[in-house]
1. Sorted by packing (mean other beta-carbon atoms within 10 Å per residue), highest first, where do 92-105, 26-39 land?
2. Could you tell me what fraction of 2.2 N^0.38 Å the Cα radius of gyration of the range 29-79 comes to, as a two-decimal ratio?
3. Which stretch or stretches of the range 14-58 have amide N atoms under 14 Å from the point lying 7 Å from residue 99's Cα along the Cα→Cβ direction?
4. Would you mind counting up the charge near residue 29? Only other residues with Cβ under 13 Å from its Cβ, with Lys and Arg at +1 and Asp and Glu at -1.
5. Starting from the Cα of residue 124, step 7 Å along the direction of its Cβ; do the same at residue 84; then give the gap between the two resulting points in nm.
6. Scan around residue 91 for amide H atoms under 5 Å from its own, H built in the peptide plane at 1.01 Å from N, and keep only partners 5 or more places away or cross-chain.
7. From zero outward in steps of 10 Å, how is the percent of C-alpha pairs of the range 1-105 spread across the bins?
8. For the range 38-160, how big is the tail of P(r) above 23 Å, as a whole percent of Cα pairs?
Amino acid sequence: ATCFDQSGIDVHFLNRPPVMGVKSAQDPAFVQAFTAPPRGRTPLTETMQRVSKSLQGERGILLFIFTDGEPNDGKNPFKQAIRQLVSSSKVRIQIMACTAEDDEIGWLNELDAELSELDVTDDYYAEREQVIKLGLAPKFTRGDWCMKAMLGPVSQKFDKWDERQGKATKSPKHQHQGELVQCG
């Protein structure tokens, strides 16, 4: 984590206190945060707004959001909050779908199509199926999946790995040319 920022990374949760300044996976506070399984509601919008207030004045940020469903207050307030955040800051967002249920998170693809500063990455198996079905690569490793998640919000090349041709084109910001590169 310190390769990104000397102060570590901040991990915010929906239903428990944040863990700030994490510098390794062995950080005691970080380990403790994962001793209990996730539970509770899905206050995505409120949590994202709280986190975004702490980012004011910061340099570029890659914000990962892990979710398995619709926010408590519905899709539209969350979408509006995302639009506002990326339009007024240097934040790029990766939304990781923690479910294979398309009906739970399919609405996020609308945001993915609209915003070049945002990418949505499905669970590994669904993402692999999409990439292979599109013929971009004969295989798709977990390393490819991680690379797509990290680079999708900042590079159209990686964002488009899982998108069908003919999909609405995002604004040209952050476009990079090139071929599929595999890791792993």
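1. Numbers: 92-105: 17.3, 26-39: 11.3.
In decreasing order of mean packing, 92-105, 26-39 become 92-105, 26-39.
2. On the way: Rg = 13.1 Å, N = 51, 2.2 N^0.38 = 9.8 Å.
Taking N as the residue count of the range 29-79, the ratio is 1.33.
3. 39-44
4. Numbers: positive: 16, 23; negative: 10, 27.
Here the count lands on 0.
5. 3.7
6. 61
7. 13, 43, 35, 8
8. On the way: 2209 of 7503 pairs.
Pairs farther apart than 23 Å: 29 percent.
A short reminder: the numbers here are calculations on the coordinates, not readings from a lab. Because the structure is a prediction, the values reported are computed rather than measured. All Cβ positions, glycine included, derive from the backbone under ideal geometry; neighbour counts span all protein chains shown.
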